[in-house]
Amino acid sequence: MLTFVFLDYKSAGATVACISHYIQKCKNSSEELSFVVVDNSVDDENFEKLSMSWKTVTACEYEGSILEEKLVDGYRLFLWKNTVNAGYAKGNNSGAKIAAEFLKSDYLLFTNNDLVVLDEELSLEALIREASIPQVGAVGPSIVGKNLKSQNPYFDKSFFLRWGLEYLCYPLNRFLPQRFRSSDLLEKFVANPVFRVMGSFFVVSRKKFEEAGGFDPHTFLFAEEMILAKKMQKAGYEMHYLPTVHLLHNHSEIINKKYNELNRLALKFESECYYYKNYGDVGAFQMTLVKIIFKSYVIRKKIVKKIKELIQ
């Protein structure tokens, strides 16, 4: 069985629509499918919208909250109302645990609710076939954004190139060659393995996910895929990219509404500092230096913004 694991935050309509979309795109699949939805909203209204969208089979208390079993076009779905907004890692770990305990799932497909399958059918067979290779830990497909630019896969970049040099050079960073800028997107895929794949959609064997210890619960947003990649490596597994499966990442505006650009960047920086310190063996001196550079960048960014406002 393959279980789609969704994490919802105040976006019930998008989750319901995405599940319907996946069911339509998987109607000819021979795989046994199921769904788990973790509602991280801490919002009764959002949970009620989700709950009312599907027929309830059973309901029980689980981990201090309510867990409902649903039927969606004949497929089993478990909807759990989290008691806190636990973030991506903890929320998806809860989803994986529910899939293991109640569905005995063989494979987990972690997905955002803002993905659109571009192929006529979603080839779960191809994704599972790749994920079932003994040395493979997780598999991610081709993902493009609204601008049709690639968002997968990624290579392992040093901490200083990721967060130091480009931010040190701001506002002249646009003159830096691409290899010295912060992006870790692999511009041209040649062969597997890759370092990591995007966390918005990937397939993993449940047993391998559990063996690696799942997502690290110490991050709230960002860096989860980087950490999982390192944990998979430690467990002896590779990350693979499957360019024959195609999806569009139709970015949700939920996070953008809650956090402005600088706040999102600061949150991402904090999470990646945790990653590089605990999984990337970055020493105290380099960590302190890059943190000073980033703080300086934030100040310079605000100054440049004020200057632009005055000019306009």
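None of the figures in this text is laboratory data; all of them are computed from the coordinates on show. Keep in mind that this is a model prediction, so the values were computed, not measured. Don't worry about glycine lacking a Cβ; one is built from the backbone with ideal geometry, like all the others, and counts go over all protein chains shown.
Projecting label points 7 angstrom from Cα along Cα→Cβ for S20 and V42 puts them 3.1 nm apart. As an equivalent ellipsoid, region 268-312 spans semi-axes of 30, 10, 5 angstrom, where each value is the square root of five times an eigenvalue of the C-alpha gyration tensor, largest first. Taking 0.36 nm per residue of separation and subtracting the Cα-Cα distance, full extension of the segment from N250 to K306 would add 17.0 nm.
Taking S34, S205, S123 as the candidate residues, the one with maximal mean-square fluctuation in a Gaussian network model of the chain, Cα springs under 10 Å, is S123.
Could you list, in their original order, any pairs among K157/K207; K90/K295; K157/K306 whose Cα atoms are separated by more than 30 Å? In this structure, K157/K306 lie more than 30 Å apart at Cα. With 10 Å bins beginning at zero, the pair-distance distribution over Cα atoms of region 141-272 amounts to 11, 36, 41, 12, 1 %.
Checking every one of the chymotrypsin sites (Phe, Trp or Tyr not before Pro) in region 111-176 against DSSP loop status and a limit of 13 other Cβ atoms within 10 Å picks out F155. Estimated from the Cβ-Cβ distance and a Förster radius of 22 angstrom, the FRET efficiency linking K234 and S132 is about 0.60. Of the trypsin sites (Lys or Arg not before Pro) found in region 120-218, those in coil by DSSP whose Cβ has at most 12 other Cβ atoms within 10 Å are K146, K149, K188.
Starting from a Cα-only point model with no solvent, please compute log10 I(q)/I(0) by Debye for region 1-141 at q = 0.17, 0.20 1/Å. At q = 0.17, 0.20 Å⁻¹ the computed log10 ratios are -0.91, -1.27.
Inter-label distance, D73 to K277: 4.6 nm, where each label sits 7 Å from its Cα along the C-beta direction. Between M226, M52, M198, the residue with the greatest mean-square fluctuation in the GNM of the chain (Cα pairs under 10 Å linked by springs) is M52.
Using all alpha carbons of region 196-312, what is the percent of pairwise distances in each 5 Å bin, ordered from the shortest bin to the longest? Reading the bins upward from 0: 2, 9, 15, 16, 17, 16, 12, 7, 4, 2, 1, 0. Roughly what angle does helix 224-234 make with the longest principal axis of the chain, taking Cα atoms, 0 to 90 degrees, to the nearest 10? Helix 224-234 sits at roughly 80 degrees to that axis. Scattering from region 70-196 was approximated by placing one identical point on each alpha carbon and applying the Debye formula without solvent; log10 I(q)/I(0) at 0.15, 0.19, 0.23 1/Å stands at -1.01, -1.29, -1.45.
Rg/Rh, computed from the Cα trace of region 103-145 with Rh as the Kirkwood radius, has the value 0.97. Helix 261-278 and the longest principal axis of the Cα set of the chain meet at an angle near 80°. Compared with the dominant principal axis of the Cα atoms in the chain, helix 12-25 is inclined by about 70°.
Listed by chain and number, the lysines placed with their C-alpha closer than 24 angstrom to that of K146 are K10, K25, K188, K257, K258, K268; residues fewer than eight positions away on the same chain are left out. If you average the alpha carbon positions of region 118-134 and of region 1-69, how far apart do those two centres end up, in angstrom? Using only Cα atoms, the two centres lie 22 Å from each other. With both residues required to sit in region 19-175, DSSP beta bridges show an antiparallel share near 70%.
Evaluated over the Cα positions of the chain, the convex hull gives a direction-averaged projected area, one quarter of its surface, of 17.2 nm². Both radii come from the Cα set of region 29-108: Rg as radius of gyration, Rh as Kirkwood radius; their ratio Rg/Rh reads 0.95. Peptides 229-237, 275-283 ranked from most to least packed by the mean count of surrounding Cβ atoms within 10 Å: 229-237, 275-283. Write out the trypsin sites (Lys or Arg not before Pro) in region 26-117 meeting two conditions: DSSP loop, and at most 13 other Cβ atoms within 10 Å of their Cβ. Of the trypsin sites (Lys or Arg not before Pro), the ones in loops of region 26-117 whose Cβ has at most 13 other Cβ atoms within 10 Å are K27, K104. Here the extension length gained between F160 and I66 equals 29.4 nm, from 0.36 nm per residue of separation less the Cα-Cα distance.
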